[in-house]
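Contents: one structure, followed by commentary.
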Amino acid sequence: MLERPNETELSARMRERARAIARAGGIDAALAKGAVPKLVDCTLSEGIVLGLLKQGVRKYLAIFGHGSTDLGEVLRIYEEEGVTRTINCRNEVAMAHAATALRWQYGEIPAVVTSIGPGAMQAFAGSLASASNGVGVYHIYGDETTFGEGYNMQQVPKEEQGLFGRMTAVMGRSYVLHTPQALRDALRRGALTVNHPYRAGPFYLLLPLNTQPAPLTVNLAALPERPALPELAPASNEAFDQAAALIARAARVAIKAGGGTRGHDAAVRRLAEAAGAVAVLSPGSTGVLPDAHPQNMHVGGSKGSISGNHAMAQCELLIVIGSRAVCQADCSGIGYKAAQAVININGDFADVAHYNRTLALPGDIGAVCARLTAALPASATANKRAWLDACVAKKNEWADYKRARFAAEPIRDEAWQRPALGQPAAIKIVADFAKEVGAAKFFDAGDVQANGFQIVEDDRTGDTFTEAGASYMGFAPSALLASALAENPRYSVAFCGDGSFMMNPQILIDGVEHGVRGMIVIFDNRRMAAITGLQVAQYGRPFRTSDGVAVDYVRMAAAVAGVHAAHAGFDAGSLRQALRTAHAYKGLSVVHIPVYSGPHELGGLGAWGEWNVGNWCEEVQRTWIEQDL
Ligand SMILES: Cc1ncc(C[n+]2csc(CCOP(=O)(O)OP(=O)(O)O)c2C)c(N)n1
Ligand SMILES: [Mg+2]
């Protein structure tokens, strides 16, 4: 090993700075008081920690390796002085999910730290969830040395430079810190990426092994702050007046509230009421209108609902808000069969112009909705009574349809060789319980997710987190770890399929180690049922989407000291009891609930839209070509 003779002196100076920052109550206060000098001589690794502090990043999720030991040493000292917090994890995909959840659920910006190569590639894979859902997080990966003295272990084995930087730049935005002094530029770009008002996403800092310990002089005052951008809306009233006239004229108006409407509940509700429009929700926007609001038609799209898809198909004027027209949301482009015109509200020009015949209202959803609402005449709702009544009738139909499934007795199941609750009935019980105890809900992929967004009855956004952007199996249990880092943690319940849970069971250990209070409910149908369902619907036969291995999840979870694990039995009563006991436990609980899977009509909630996949493509695509939007 090479000796660094002045290591202790370096560490001592680092510790002094960290202590001064902690005492002052933050880096800005420390600077203002002169507790730390403006110009600091440090290493790039420390410069990154200081720079991220300026942007409010104090929490790190890490799996260290030879590609990140230098940064790790800085984080050790800064943590000892009470400035930053680092939690160690067991799987980089899970860690990336937890970071996404910390920003998404709590608004806190974390940084993920990995080694070079495999660890980085796993975190990179996990970052698809933050990219897909527009969640800003920092990812810091070790990278190959800039001297090019030979291959570095775990680099991409090619005679080319900057490959990790190129890969990550495809997913989000990325910066290879080839030169320590480039830190300022890198962090300025990072600040905008992770705080982008409508297209936030992951920002990757690639840290070459040899530049991490390299010295530089950092100007703390010049390190980029978190950008503060005002809300934007069209400047003139003309577009609003045109939009208001379109709305007033149309007899059947529907709002499609995409994931971007999260947090804009009041603005969307006021617009819907003033416009006499019904609102069709996306998986990620449940609650933007209260569940029982007569103009809330529930979710619409490829999976959808009776009422949501009815409103989509029948509206003559569509108001799209904060939606990027994902196949699941707009039925692969053919969901709005009767729409003659579109009003689109979105900050992103590409999204706002997605459909033809569009009156674009680009800008912040809250600001634009408020202006449009103000432009509407009181008479705008006058011609819409028949439409609203018809939609309410469809909503009632959907409610009856769901009720029959919620009330269904356990159904005889082949894998369990006995009757088990249908997944809709079981999810409803757990969702109701979560509401009762004020818990947030996280939904994993598969039927659990699809049934979940068809079932939840939220009255505001922020009670359900369904990772519908990437539908990444393993997201929900991993997301619980965010509560271990959050300033104000909220009890959360992860709804997981058996397939999804086994993608990332690491939470059992990480959750105990870092003190998560929360619950994982495993809806075990002994298969990857969402895909079985698609196979059967498309080709009539299942193929390799199940196996014959029974897993006792209670014993598996209980093998980890500190986890409370319980079997939920096979009926509603025993499930409710298991949930209550699990919730009372002051730590991480796992509830294993066997559920029915199969063709019984009360065992699922159906699909109400179209989807451009498998052997449906030909028909969907023909319809898409023929439609004008
Ligand atoms: C990491 C990952 N791999 C594969 C998929 C494709 N996929 C989507 S749902 C699903 C099955 C989910 O099974 P399970 O979690 O048991 O839920 P179920 O559908 O049985 O309720 C698969 C394989 C995915 N979304 N994510
Ligand atoms: Mg399953």
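The values are calculated or read from the model by the stated rules, or taken from the named source; none is laboratory data. All values reported here derive from a predicted model rather than from experimental measurement. Note: ideal-geometry Cβ built from the backbone for every residue, glycine included; neighbour counts use all protein chains shown.
Would the stretch 141-148 turn up any residue that is surrounded by fewer than 18 Cβ atoms within 10 Å (Cβ to Cβ), on the phi < 0 side of the Ramachandran plot, of a type outside the set (Val, Ile, Thr) and over 24 Å from the mean Cα position of the chain (by Cα)?
Yes, because at least one residue in the stretch 141-148 is surrounded by fewer than 18 Cβ atoms within 10 Å (Cβ to Cβ), on the phi < 0 side of the Ramachandran plot, of a type outside the set (Val, Ile, Thr) and over 24 Å from the mean Cα position of the chain (by Cα).
Name the single residue, out of those in the stretch 418-448 being charged (D, E, K, R), crowded, with 21+ Cβ neighbours inside 10 Å and more than 10 Å from ligand 1 (Cβ to nearest atom), that is nearest to HIS567 (Cα to Cα).
LYS428
Which residues, taken from the stretch 538-556, are within 30 Å of TRP611 (Cβ to Cβ), at pLDDT 95 or above and over 26 Å from the mean Cα position of the chain (by Cα)?
Listed by number, the residues that qualify are GLN538, TYR539, GLY540, ARG541, PRO542, PHE543, ARG544, SER546.
For the stretch 91-101, check the following and say yes or no: at least one residue is more than 14 Å from the chain's Cα centre (by Cα) and of a type in the set (D, E, K, R).
yes
Suppose we filter the stretch 490-509 for residues that are within 16 Å of ligand 1 (Cβ to nearest atom), of a type outside the set (S, T, N, Q) and closer than 19 Å to CYS89 by Cα; how many remain?
6
How many residues does the stretch 540-553 contain that are crowded, with 16+ Cβ neighbours inside 10 Å and either assigned to a loop (DSSP other than H, G, I, E, B) or of a type outside the set (S, T, N, Q) (or both)?
3
Between residues in the stretch 517-531 that are farther than 17 Å from GLY569 by Cβ and within 9 Å of ligand 2 (Cβ to nearest atom) and residues that are modelled with pLDDT of 95 or more and not in a strand (DSSP E or B), which pairs lie under 6 Å by C-beta distance while being six or more apart or on different chains?
ARG527/THR545; ARG527/SER597; MET528/GLY499; MET528/THR545; ALA529/ASP447; ALA529/SER597; ALA530/GLY446; ALA530/ASP447
Is it true that some residue in the stretch 233-240 is crowded, with 24+ Cβ neighbours inside 10 Å and either assigned to a strand (DSSP E or B) or on the phi < 0 side of the Ramachandran plot (or both)?
No, the stretch 233-240 contains no residue that is crowded, with 24+ Cβ neighbours inside 10 Å and either assigned to a strand (DSSP E or B) or on the phi < 0 side of the Ramachandran plot (or both).
Collect the residues in the stretch 177-200 that are touching a helix residue (DSSP H, G or I) at 6+ places or on another chain (Cβ under 8 Å), closer than 28 Å to HIS66 by Cβ and in a loop (DSSP other than H, G, I, E, B), keeping them in residue-number order.
Result: LEU177, single match.
List every residue pair whose Cβ atoms lie under 7 Å apart, where the two residues are 6 or more positions apart in sequence or sit on different chains, the first residue falls within the stretch 236-252 and is within 18 Å of LEU388 (Cα to Cα), and the second residue, located anywhere, is surrounded by fewer than 13 Cβ atoms within 10 Å (Cβ to Cβ) and at pLDDT 95 or above.
From the stretch 236-252, the pairs are ALA248/PRO377; ALA248/SER379.
Taking the residues in the stretch 208-232 that are in contact (Cβ under 8 Å) with a residue 24 or more places away in the chain and within 23 Å of LEU102 (Cα to Cα) as candidates, determine which candidate is surrounded by the most Cβ atoms within 10 Å (Cβ to Cβ).
Out of the qualifying residues, it is PRO224.
Look through VAL516, VAL512 and report the one residue that is outside any strand (DSSP E or B), more than 14 Å from ligand 1 (Cβ to nearest atom), surrounded by fewer than 24 Cβ atoms within 10 Å (Cβ to Cβ) and modelled with pLDDT of 95 or more.
Every option except VAL512 fails the conditions.
With respect to CYS369, determine if the residue is within 30 Å of PRO599 (Cα to Cα), buried (at least 22 other Cβ atoms within 10 Å of the Cβ) and within 32 Å of the chain's Cα centre (by Cα).
So CYS369 does not fit the description; no.
Considering the stretch 558-606 alone, what residues qualify as being of a type in the set (Val, Ile, Thr) and over 27 Å from the mean Cα position of the chain (by Cα)?
VAL560, THR581, listed by residue number.
Considering the stretch 476-506 alone, what residues qualify as being within 29 Å of ALA279 (Cα to Cα) and in a helix (DSSP H, G or I)?
Those that are within 29 Å of ALA279 (Cα to Cα) and in a helix (DSSP H, G or I): ALA476, ALA479.
If ARG17 satisfies every condition in (1) at positive phi; (2) more than 31 Å from the chain's Cα centre (by Cα) but one, which is the exception?
(1)
List every residue pair whose Cβ atoms sit under 6 Å apart, with the two residues 6 or more apart in sequence or on different chains, where the first one lies in the stretch 444-458 and is β-branched (Val, Ile, Thr) and the second, anywhere, is within 16 Å of ligand 2 (Cβ to nearest atom) and modelled with pLDDT of 95 or more.
VAL448/PHE495; VAL448/GLY497; VAL448/PHE523; ILE455/ILE427
Counting only residues that are closer than 18 Å to PHE495 by Cβ and more than 14 Å from ligand 1 (Cβ to nearest atom), how many does the stretch 524-555 have?
1
Exactly one condition in (1) within 16 Å of ligand 2 (Cβ to nearest atom); (2) surrounded by fewer than 24 Cβ atoms within 10 Å (Cβ to Cβ); (3) among the hydrophobic types (A, V, I, L, M, F, W, C); (4) under 22 Å from ILE87 (Cβ atoms) is false for LEU534; which is it?
Answer for LEU534: the failing condition is (4).
Can you name every one of the helices (runs of 4 or more DSSP H) wholly within the stretch 73-163 that holds 1 or more residues which are of a type in the set (Phe, Trp, Tyr)?
Helices (runs of 4 or more DSSP H) meeting the threshold: 92-106, 118-126.
Residues LEU575, LEU579, LEU588, LEU602: which one is over 19 Å from LEU421 (Cβ atoms), modelled with pLDDT of 95 or more and away from ligand 1 (no atom under 12 Å from the Cβ)?
It is LEU588.
One line per residue, one yes/no per condition, for (1) more than 16 Å from ligand 2 (Cβ to nearest atom); (2) in a helix (DSSP H, G or I); (3) closer than 30 Å to TYR401 by Cα:
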{"site": "ARG555", "(1), (2), (3)": "yes, yes, no"}
{"site": "ALA565", "(1), (2), (3)": "yes, no, no"}
{"site": "LEU579", "(1), (2), (3)": "yes, yes, yes"}
{"site": "ALA582", "(1), (2), (3)": "yes, yes, no"}
{"site": "VAL595", "(1), (2), (3)": "no, no, yes"}
{"site": "GLY598", "(1), (2), (3)": "no, no, yes"}
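What are the residues in the stretch 32-58 that are surrounded by 23 or more Cβ atoms within 10 Å (Cβ to Cβ), touching a Leu at 6+ places or on another chain (Cβ under 7 Å) and either assigned to a loop (DSSP other than H, G, I, E, B) or not aliphatic (A, V, I, L, M) (or both), if any?
SER45, GLY47, GLY51
Just name the residue that is nearest to GLY258 (Cα to Cα) out of those in the stretch 439-475 that are within 16 Å of ligand 2 (Cβ to nearest atom) and in a loop (DSSP other than H, G, I, E, B).
SER471
Looking only at residues that are farther than 26 Å from PRO208 by Cα and in contact (Cβ under 8 Å) with a residue 60 or more places away in the chain in the stretch 6-26, which one is surrounded by the most Cβ atoms within 10 Å (Cβ to Cβ)?
Looking at the filtered set, the residue picked out is ILE21.
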